Amino acid sequence: MRVVIVGGGFGGVRAALNLAKKEAFEVKLISDRSYFEYHAALYRSATGRSPLEVAIPLIDFFRDIPNVEVIKDQIVKLEPNNSLIIGEAGSSYKYDKLILAVGSVTQYFGISGLKEYSYGVKTIQEALELKRHLHEDLINHLPNLRHYVVVGAGASGVELASELVAYLKHIRKNHNINQNFTVDLIEAADQVLPAMPPDFSLKVKQRLKKLGVRVYLNTPVQAESMDAIHLPGGEIKSQTVVWTAGLTNNPLFQQNKAIFKPERNGKIKVNEYLELSPHIYIIGDSAQTKFSGMAQTALHDANYVTSDLLNQNKSASRKKYQPKKPIYAIPVGPRWSAVLWGRGRVYGYSGWILRRLADLRLYINFLSLVKGLTVWRYGIVLSENCPVCSKKR
Ligand SMILES: Cc1cc2nc3c(=O)[nH]c(=O)nc-3n(C[C@H](O)[C@H](O)[C@H](O)COP(=O)(O)OP(=O)(O)OC[C@H]3O[C@@H](n4cnc5c(N)ncnc54)[C@H](O)[C@@H]3O)c2cc1C
């Protein structure tokens, strides 16, 4: 059976690994990047840790696996009637079963100036660009160096804002800058981590305050200009605004509107087998499922569709998809995490250990034990290109 998987992220890589060495399947994994990105560690790359923890070459997962071919291409068009997908240079790929695992992209909700002036932490390029900017600002002594703004108090915004405090102290000391600074976390909703239980959110807010992060709730961003972020109560002068607040579905679905009918949130409705139609599965961030938007869901979806394929291949009966509630482990500053596991909560250093173990579990699940441990270790390895900071590590 020819299985074509589009997207070399959590869902796509997991699905391809599950079908690896299964002779009945001839697998093509097509991705527009030649590497897998571990998003959960992007905030660490932005704040001085090695990018090697985040960007892992796809080929590292599939070395010596004869039935999985990794192809770098961007899929732009689908022709379901011919069981074909088309790449950007016109190459075409035929499938018996297609798995779309293309993830989500940043959206700015049309807010003026954000796209032009804000930084991001959705990709490794964005994280490294932010880190470079933080250092360049210090080297060039730009004005408005005192305010650093993170927009969006979801998990990514909380992780970044809290880690920024310690990182900025460290690099400002290296650059001999003693002036005070602020890290502001701006959120449109009435609590940090808007999707989480209020008691959990409150604990995280208290921790943020203890670290020195200034939290603004009920504060929707109105616009950004070259040197300020504009809020309902006035502006904050800043040349470092990081936008973490908006994601939307991959544009591939809009580009192929005749085939996909995106829901209001942009995700695609799937049936009880995660299918759009009998030969096309949609998984991960792109599918309209209960816990879509989490890496853990993308992995769960990949495990489901590959077991469905194996069942179909054996002509065994099919089981319906059941969503699985994720565990939330959110780092809030160095060596402190808040963990929400069903009804249980863990805060502090033990939470941080749980979070690091979750990172490790993912790496050794995807890679060999030795390679997985090596990549995991990069999470504590310092990495600086800044000529001042690299000397003072
Ligand atoms: C900063 C950040 C932190 C996060 N932290 C966590 C966390 O701690 N825990 C958690 O569970 N989740 C976390 N998430 C969410 C998690 O990363 C996503 O839910 C997960 O990546 C979704 O997996 P996916 O397979 O759907 O898509 P992705 O992992 O995004 O993979 C999509 C892949 O498709 C490729 N692609 C896209 N378009 C095309 C195309 N047209 N043709 C070919 N290839 C294409 C992309 O290059 C990418 O490789 C975080 C996300 C971010 C941004």
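Computed with a 1.4 Å probe over protein heavy atoms only, the accessible surface of the stretch 17-132 comes to 45 Å² per residue. When shorter helices are ignored and each DSSP H run of at least 4 residues is given -39500 (n - 2.57), the per-residue value for the chain at 222 nm works out to -9500 deg cm²/dmol.
The gain in end-to-end length when the Ala195 to Leu369 segment is fully stretched comes to 59.2 nm, 0.36 nm per residue minus the alpha carbon separation. Taking 18 Å as the limit for the C-alpha separation, the pairs Lys169/Lys209; Lys203/Lys237; Lys173/Lys205; Lys21/Lys319; Lys72/Lys261; Lys77/Lys261 exceed it in the case of Lys203/Lys237; Lys173/Lys205; Lys21/Lys319; Lys72/Lys261. If you wrap a convex hull around the Cα atoms of the stretch 200-330, how much volume per residue is inside, in Å³? Given the Cα convex hull of the stretch 200-330, per-residue volume reads 158 Å³.
Using r as the Cβ-Cβ distance of Arg132 and Ala24, and R0 as 56 Å, what FRET efficiency do you calculate, to the nearest 0.05? Computed FRET efficiency for Arg132 and Ala24: 0.75. Would you mind checking the tilt of helix 124-140 against the longest principal axis of the Cα atoms of the chain, expressed as 0 to 90 degrees and rounded to 10? Once rounded, the angle reads 20 degrees.
Taking K and R as +1 and D and E as -1, what net charge do the other residues with C-beta under 11 Å from the C-beta of Gln239 add up to? Computed value for this residue: -2.
More than 23 Å apart: what percent of Cα pairs in the stretch 129-288 qualify? Everything past 23 Å amounts to 51 percent.
Near Val70, the amide H atoms lying under 5 Å from its own belong to Leu29; only residues 5 or more places off or on other chains count, and H is placed 1.01 Å from N. Structural size metrics of the stretch 29-173, computed from C-alpha coordinates, are Rg and Dmax of 19.4, 62 Å. Tell me, Kirkwood radius of the stretch 97-216 from alpha-carbon pair distances, in Å? That comes to 16.0 Å for the stretch 97-216. Full extension of the segment from Asn81 to Met1, taken as 0.36 nm per residue of separation minus the current Cα-Cα distance, would add 27.0 nm. In the chain, the portion of solvent-accessible area held by carbon and sulfur atoms comes to 52 percent [1.4 Å probe, whole percent, DNA, RNA and ligands not counted]. In this rough spin-label picture, where each label sits 7 Å from Cα along the Cβ direction, the Asp64-Lys237 distance is 6.0 nm. Spin-label pair Val381-Lys314: with each label point 7 Å from Cα along the Cα-Cβ axis, the two points sit 4.1 nm from one another. Magnitude of the charge dipole for the chain, about its Cα centre and with charges confined to Cβ atoms of Lys, Arg (+1) and Asp, Glu (-1), is about 1260 debye. Rounded to the nearest 10 degrees, the angle from helix 10-19 to the longest Cα principal axis of the chain is 30 degrees. Of the two radii for the chain, the radius of gyration is 0.98 times the Kirkwood radius, both from the alpha carbons; that is the Rg over Rh value. Measuring r between the beta carbons of Ala258 and Lys169 and using R0 = 56 Å, the FRET efficiency lands at 0.55.
Per-residue extension of 0.36 nm, minus the Cα-Cα distance of Asn265 and Val388, leaves a gain of 39.8 nm for this segment.
The values are calculated or read from the model by the stated rules, or taken from the named source; none is laboratory data. Remember, it's a predicted structure, so these values are computed and weren't measured experimentally. All Cβ positions, even for glycine, are placed from backbone atoms using ideal geometry, and neighbour counts span all protein chains on display. Side chains are part of the model used for accessible areas, which takes the heavy atoms of the whole protein and leaves out ligands, DNA and RNA. Shrake-Rupley method; radii C 1.70, N 1.55, O 1.52, S 1.80 Å.
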